[in-house]
Amino acid sequence: MNPVLSVVAIAFVVIATVVIGFFGLRISRTTDDFLVASRTVRPWWNASAISGEYLSAATFLGLAGLVLLAGSRAFWFPIGYCAGYLALLLFVAAPLRRSGARTIPDFIDARLDSRAARRLTSVLVVLIAWLYIVPQFHGAALTINVVTGAPPWVGSVGVAIIVAVIVAAGGMRSITFVQGFHYWLKLTALGVPVIFLLLATGDVNTTIDPTLVFPLEDGPGGQDLYRTVSLVLALLLGTMGLPHVLVRFYTSPDGPSARRTTVIVIVMISAFYMLSSTMGLIARRFAGDLADPSTADSVVLLLPSRLIPGLGGELITALIIAGAFAAFISTASGLVVSIAGVVSQEVLGGGVRAFRVSALASVVVPLLVTFVTVPRGLTSSVGLVFLVAASSLSPVLLLGVWWRGLTARGAIAGMLVGSGSVAAALVVTATGAVRDPVLQSALAQPAAWIVPLATATSVVASLATRRLPSNRVDRFFLRLHAPER
């Protein structure tokens with residue numbers, strides 16, 4: 001691995017990001033520009049930006065590493081990620097855009113007319129975003145350490161500074177251009193290496209044992225049905241509750257544009273997942289010695305130099321590094337925008353200056369967490385974020401969009417029970433106090449029981465505190481669901 005080429009690749013991404021972000025800065029003037037790009041982002045560019053921020057470190061590095069470790073069991077992750085956008089398309093994309101909100105707390109407040117529900121939603125949005133930013137910083141630290149030998153904190157701090165500056169400078173308009181560019185860079189940074197790696201391995205005179213790629217115990221008969229269903233449910237509904245994903249639908253001009261954007265996103269991320277999974281399968285055949293939780297996330301960076309010796313492998317590695325840094329920056333940027341939008345409105349009173357201050361402050365906490373934690377696998381870390389989102393925000397969003405009977409107390413109860421149950425499951429699992437294998441499985445993948453519990457809590461609490469039918473709720477529902485011209 002050539003450190004000079006690696007540094008050049010990273011410098012290219014940083015310079016391109018700053019230049020493109022500066023272009024967005026030139027047309028960012030109002031609060032709407034910073035929060036929702038004045039709702040003017042067309043479907044193709046918005047889909048590119050959503051795909052750019054959604055395809056994070058967990059996908060670019062972690063998915064291939066997970067395929068290396070787990071074989072076909074890892075394929076449930078891309079299936080769940082894509083299915084999540086189908087759920088978004090069917091249930092919330094267009095209604096959220098029609099609501100006129102600029103953030104998720106805005107939507108909850110408009111729907112329930114409750115400051116308490118708005119504040120709790122704000123706390124959950126910030127918490128989920130912070131949890132998601134940490135793996136991006138871990139991925140940057142890993143990449144810098146592997147390719148240059150520099151201390152891991154260099155990568156984390158570097159990405160944090162770049163993200164804070166471009167978000168504070170131009171807000172949603174700037175990162176829309178940046179993330180759209182990053183998606184196509186990431187697609188190229190995996191697509192080109194996969195083609196060359198397949199060509200390089202095509203002349204190997206050996207037969208690939210199917211059980212190496214798809215072990216018999218990983219087939220349908222060997223899957224733990226509960227854990228599989230629970231994982232897919234967490235990924236599917238978790239996508240619906242991710243703040244940086246939802247806020248991008250507020251940038252669409254109207255509801256139909258939001259739906260078209262979602263369809264394009266499904267195609268774009270599916271293409272990327274096929275490339276990432278293929279990289280993992282190649283690694284499973286030719287880099288089995290890296291199949292260790294401590295090294296699996298680096299397999300994408302190390303594989304080209306193994307299979308393509310010399311300058312060719314070094315150039316491909318540099319391209320992958322460029323794509324990896326694009327992944328860290330684009331996902332972290334979207335998350336910081338979602339945090340800054342909430343903090344600036346809820347704490348600092350709104351406005352462009354408040355947004356910029358919030359953006360700069362939003363990276364501090366996850367950066368500190370990065371310094372004191374050790375990654376346990378990028379995909380696993382992001383899986384926790386999806387679980388929290390699926391258990392706390394998603395049930396309330398679905399009920400808020402589709403059920404008139406939801407009350408503020410019902411929403412608050414559901415969010416508290418969902419998030420509290422996730423925290424309890426994590427604590428009990430970490431202590432190792434449970435020995436029963438059935439309970440261990442239920443706590444290790446708890447979405448299958450926490451999501452219904454949170455939803456039922458919201459429904460029961462709403463029925464217990466229901467009021468007389470409200471004309472305000474009827475008017476809001478008409479806005480959400482009435483056909484648009």
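The values are calculated or read from the model by the stated rules, or taken from the named source; none is laboratory data. Keep in mind that what you see is a predicted model, and the values were worked out from it rather than measured. Positions of Cβ are backbone-derived with ideal geometry, glycine not excepted, and every protein chain shown enters the neighbour counts. Areas reflect the complete protein model, heavy atoms only, side chains present, ligands, DNA and RNA absent. Shrake-Rupley method; radii C 1.70, N 1.55, O 1.52, S 1.80 Å.
Data for the structure
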{"read-out": "Part-to-part distance (alpha-carbon centres) for the stretch 73-106 and the stretch 127-175, which is given in Å", "value": "25 Å"}
{"read-out": "Using alpha-carbon coordinates, inclination of helix 378-402 to the longest axis of the chain, degrees", "value": "20 degrees"}
{"read-out": "Accessible area of the stretch 399-485 belonging to carbon and sulfur atoms, whole % at 1.4 Å probe", "value": "64 percent"}
{"read-out": "³J(HN,Hα), Karplus 6.51/-1.76/1.60, whole Hz, each residue of the stretch 313-321, x for Gly, Pro", "value": "x, 5, 5, 5, 4, 4, 5, 5, 4"}
{"read-out": "Extension gain from TYR226 to VAL18, taking 0.36 nm per residue of separation minus the Cα-Cα distance", "value": "70.3 nm"}
{"read-out": "Additional length obtainable on full extension of the chain from LEU90 to LEU360, 0.36 nm per residue less Cα span", "value": "93.7 nm"}
{"read-out": "Among 290-303, 55-68, the order from most to least packed when residues are scored by Cβ within 10 Å on average", "value": "55-68, 290-303"}
{"read-out": "25 °C / 0.890 mPa s Stokes-Einstein diffusion coefficient of the stretch 232-306, Kirkwood radius on C-alpha pairs, µm²/s", "value": "162 µm²/s"}
{"read-out": "Scaled radius of gyration (Cα, divided by 2.2 N^0.38 Å) that the stretch 1-104 gives", "value": "1.42"}
{"read-out": "Whole-percent carbon and sulfur share, accessible surface of the stretch 283-386, 1.4 Å", "value": "64 percent"}
{"read-out": "Paramagnetic label zone (point 7 Å from Cα along Cα-to-C-beta, SER270; backbone N under 16 Å) in the stretch 225-260", "value": "260"}
{"read-out": "Options VAL247, PHE107, VAL41, ranked by Cα towards positive dipole end of the chain, top entry (Cβ charges)", "value": "PHE107"}
{"read-out": "Average accessible area per residue (Å²) across the chain - probe 1.4 Å, nucleic acids and ligands excluded", "value": "39 Å²"}
{"read-out": "Highest average packing first - 248-254, 308-314, Cβ atoms within 10 Å", "value": "248-254, 308-314"}
{"read-out": "Compactness of the chain, expressed as Rg and Dmax over alpha-carbon positions, Å", "value": "22.0, 75"}
{"read-out": "The stretch 359-485: relative contact order as a whole-number percent, Cα under 8 Å and 6+ apart", "value": "32 percent"}
{"read-out": "Ranked packing of 166-173, 120-127, most packed first, by mean Cβ within 10 Å", "value": "166-173, 120-127"}
{"read-out": "Degrees between helix 3-26 axis and first principal axis of the chain (Cα, 0 to 90, nearest 10)", "value": "30 degrees"}
